[in-house]
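Student: Pasting in a structure now, in structure tokens, and then I'll have a few things to ask.
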Amino acid sequence: MLHQRRNFGGCLVGVACGLTAALVLTACGSEKPASDPGAGPVTTRDVAGVGTVLADRSGRTLYFTDSDRAGEIKCTADCLSLWIPARAPGDSVDGGPVADLGVVARPEGTKQLAYQDKPLYTFTLDSSDKPASGHNASDSFGGMDFTWHAVVVTGAGQTPPKDDGNGSGGGGY
């Protein structure tokens with residue numbers, strides 16, 4: 001399956017983009033999760049053309065980037081204007097029916113949800129019409145390139161591989 005790559009890094013220069021992103025994020029918050037909302041900090045939802053993805057409690061698709069690993073979070077500063085860390089409720093988390101859900105520490109000390117040790121984010125440009133618009137997107141912040149993926153638990157997409165302990169992340173994506 002061919003996925004179109006998009007570059008969102010250039011969006012940071014305009015105030016209008018920031019206002020649009022805030023409005024879109026507000027609209028996304030009204031979506032309802034596809035599964036039992038009492039089961040943990042994440043849920044799943046079906047996204048046409050992508051599969052069943054992890055979502056936060058508000059139903060927003062959760063993403064990981066190839067650049068981040070537990071202990072090496074690269075999405076900081078300007079990156080955070082488009083990619084919002086999925087905040088963890090504490091130092092540990094009960095993933096409910098979602099195995100491999102955990103918590104990582106961000107550089108500034110906050111706690112972030114992680115799936116298979118990959119920090120999770122929501123994307124400010126997702127909308128009810130395009131709930132996974134950041135899937136397979138590429139952008140650049142601070143001279144670092146990022147490729148983003150929705151966390152697909154079933155379907156055509158890909159999930160992060162388990163880290164093999166040598167820092168390679170297991171490769172394959």
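Student: Only one of Asp100, Asp145 is of a type in the set (D, E, K, R), under 19 Å from Pro85 (Cα atoms) and modelled with pLDDT of 95 or more; which?
Tutor: Selected residue: Asp145, the only one of Asp100, Asp145 that is of a type in the set (D, E, K, R), under 19 Å from Pro85 (Cα atoms) and modelled with pLDDT of 95 or more.
Student: In addition: Any residue at all in region 67-89 that's touching a helix residue (DSSP H, G or I) at 6+ places or on another chain (Cβ under 9 Å) and on the phi > 0 side of the Ramachandran plot?
Tutor: So far as region 67-89 goes, no, none of its residues is touching a helix residue (DSSP H, G or I) at 6+ places or on another chain (Cβ under 9 Å) and on the phi > 0 side of the Ramachandran plot.
Student: For residues that are over 18 Å from Cys79 (Cβ atoms), over 14 Å from the mean Cα position of the chain (by Cα) and hydrophobic (A, V, I, L, M, F, W, C), tally how many sit in region 104-158.
Tutor: Count: 1.
Student: Now a separate question. Of the residues Asp78, Asp46, only one is at pLDDT 50 or above, surrounded by fewer than 17 Cβ atoms within 10 Å (Cβ to Cβ) and assigned to a strand (DSSP E or B); which?
Tutor: Numbers: Asp78 fails: assigned to a strand (DSSP E or B).
On inspection, the qualifying residue turns out to be Asp46.
Student: Just need a number here: residues in region 85-126 that are hydrophobic (A, V, I, L, M, F, W, C) and in contact (Cβ under 8 Å) with a residue 60 or more places away in the chain.
Tutor: The qualifying residues number 5.
Student: Hey, can you tell me all the residues within region 148-165 that are aliphatic (A, V, I, L, M), at pLDDT 95 or above and out of contact with any Lys or Arg (no Cβ under 9 Å at 6 or more places or on another chain)? Working first, answer last.
Tutor: Here is the first cut: in region 148-165, the ones aliphatic (A, V, I, L, M) are 150-153, 156.
Keeping just the survivors that are at pLDDT 95 or above gives 150-152.
Across region 148-165, the qualifying residues are Ala150, Val152.
The values are calculated or read from the model by the stated rules, or taken from the named source; none is laboratory data. If you're wondering where the values come from, they're calculated on a predicted model, not measured in any experiment. Glycine also receives a Cβ, built like all others from the backbone with ideal geometry; neighbour counts cover every protein chain displayed.
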